[in-house]
Amino acid sequence: MRKISRRSFLASSVKAALFSGVGGFAVKGGAFAESVPWSNWSGGQTCQPAGRYDIGSEDQLSSLLKKTSGAIRPVGSSHSFSPLVPTDGHLIVIDRLSGILDYDSETKQATIGAGSRLGDLGDPLAAIGQGMINLPDIDRQTVAGAIATGTHGTGVTLQALSACVASLRLVTPSGEVMDIDSTNQDLLHAARVNVGALGIVTQVTMQNRESYKLKKREWAAPTEDILENFDELAASHRHFEIFPLVYSDYSLVLSIDETDEPIGQIEVEAVPSDDASIAESLGLSDNPTPAERRRMSNATASRIQATESVDVSHKILSNVRNSRFNEMEYSVAAEVGAECLREILKTIYDEKIDVQFVLEYRYVGADQDWLSMSYGEHSHATISIHRMASEDYRPYFSRIEPIFWKYGGRPHWGKVHSLTHKELSGLYPRFNDFMDLRRELDPHGRMLNPHLRDLFNA
């Protein structure tokens, strides 16, 4: 293996400098920081921790855990919408544990600091001839946070990010350092999607591939036409997903495939459908009915021009999101995914729920990680609903969530949900095994907050 200097990973020092100036954050004694309020990315979760620890090394973290007691929660980019982080104990910040620490050109593996932001890894990995096999569509998450919550991308044969973890290092609540790899498959499957309940991950070794380019195509099409052929379309593209437009018969459609074409972007001419002329002649009321909204939405969608773009993989797969929102996402068996989506869209329409945000529908490959929402032998469909951060998401999410339950849905750990231990233990076949391991590694419950105590009945 060849070593890379952290100096080449410029974002590390930038992030550390930025963080140290936020909210009066001041380091004391090399690690301890005074208490400052914390909030997540959307502002939907907040807390007043006793203090923050800005960790600069694994040894520092291990020593800290051995010498202290009380509740501790790790925090990454604060991108989880669920209350995984809030605590009145101490927050462990791992931003400085970042960068490419080691790599192997033959196996295409790279060891990465767990505090690395996904969006900061693309170029450094490309510089060593590697690219991540898949990525989520938001690039601000830390590697540790994305893995711990079961974050995934799109692709019927492509698994969640956690499944690409070949090994990881975990500092347990007692300060012991564990190297976890495929020599103990059960332990690896448990530690990958760990919701921060087993300890604190300091580094991961990712199974990557050679660097590659992707071609993305975006267009609009009737939702039913796509759903009727979704399995075939998903199988014929490396990535395929749709964004159903509420109060519309259309969806935005996205396909992505590998290519050797030159980097660039083009627009493809679109021919307006008859819906456009219908809507143009429609006189809308001040309070449009669902039928009026549908006609106008169809008119707009029918005029959307298709676009195609080619770029290196990480620039196609993952992006910056400037608009802040809250999100609920559930995974259901692929064979009932379309039915579940149809029921959600019909409910929004029939009950005149005021929704502006598109939905998201895609397939994810199955894996064996104990708490993965795609655990099992067959691919899963995931469905996401959203509200802007400035809006109250609770009425909308509360109305739609029971539909997910009806189809046996599993929630994304980092997204809003209301399930408790009773429901969750029946959705994950290895849930009780995970709880046993959690109690073994953390008998005093240091890594738990009220939310996790409820989930794990601790």
Task: Nearest 10 degrees, 0 to 90: helix 334-350 Cα axis against the chain principal axis - done: 60
- [ ] Sum up the charges of everything whose Cβ sits under 13 Å from the Cβ of LEU341, counting Lys and Arg as +1 and Asp and Glu as -1, but leave LEU341 out.
- [x] -4
Task: Radius 14 Å from Cβ of SER313, net charge of other residues (Lys, Arg +1; Asp, Glu -1) - done: -2
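Run the helix sum for the chain: -39,500 (n - 2.57) per DSSP H stretch of 4+ residues, divided by residue count, reported at 222 nm to the nearest 500 deg cm²/dmol. Present the calculation step by step, with values, prior to reporting the outcome.
Values: 15 runs with 132 residues, N = 458.
Estimated from H runs of four or more residues: -8000 deg cm²/dmol.
Could you compute how fast the chain diffuses translationally, taking Rh as the Kirkwood radius over C-alpha pairs and applying Stokes-Einstein at 20 °C with viscosity 1.002 mPa s? Give it in µm² per second.
Working: Rh = 23.1 Å.
D = 93 µm²/s.
Loop sites only, by DSSP: take the GluC sites (Glu not before Pro) in the chain that have at most 12 other C-beta atoms within 10 Å and name the longest stretch containing none of them.
Working: sites that count: GLU106, GLU269, GLU351, GLU377.
With GluC sites (Glu not before Pro) excluded where exposed in loops, the chain gives 107-268 as its longest stretch.
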Open item on the list: Between 0 and 90 degrees, rounded to the nearest ten: what's the tilt of helix 431-441 against the longest Cα principal axis of the chain?
Closed with: 30
Open item on the list: Skipping prolines and chain starts, which residues have an amide H placed within reach, meaning under 5 Å, of the one on LEU252, given they are 5 or more residues away or on another chain?
Closed with: PHE243, LEU245
- [ ] Give me the angle, in degrees from 0 to 90, between the Cα long axis of helix 394-406 and the longest principal axis of the Cα atoms of the chain, rounded to the nearest 10.
- [x] 90
Open item on the list: Considering only C-alpha atoms, what is the centroid distance from the stretch 222-241 to the stretch 381-458, in Å?
Closed with: 29
TODO: Evaluate the relative contact order of the chain (contact order divided by residue number), counting alpha-carbon pairs under 8 angstrom at least 6 apart; express in whole percent.
DONE: 16
Task: ³J(HN,Hα) computed for each position of the stretch 306-317 - Karplus, 6.51 cos²θ - 1.76 cosθ + 1.60, integer Hz, glycine/proline x - done: 5, 10, 10, 9, 10, 7, 4, 4, 5, 7, 7, 7
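Which entries of LYS108/LYS213; LYS67/LYS415; LYS66/LYS415 show an alpha-carbon separation above 23 angstrom in the structure shown? Could the numbers behind the result be given before it?
Details: LYS108/LYS213 16 Å; LYS67/LYS415 33 Å; LYS66/LYS415 32 Å.
From LYS108/LYS213; LYS67/LYS415; LYS66/LYS415, over 23 Å: LYS67/LYS415; LYS66/LYS415.
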Task: Estimated distance in nm for a label pair at THR420 and THR46, the labels positioned 7 Å out from Cα along Cα-to-Cβ - done: 2.7
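Values in this text are rule-based calculations from the coordinates and carry no lab data. Please read all numbers here as calculations on a predicted model, not as lab measurements. With ideal geometry, Cβ positions are generated from the backbone for all residues, glycine too; neighbour counts draw on all protein chains shown.
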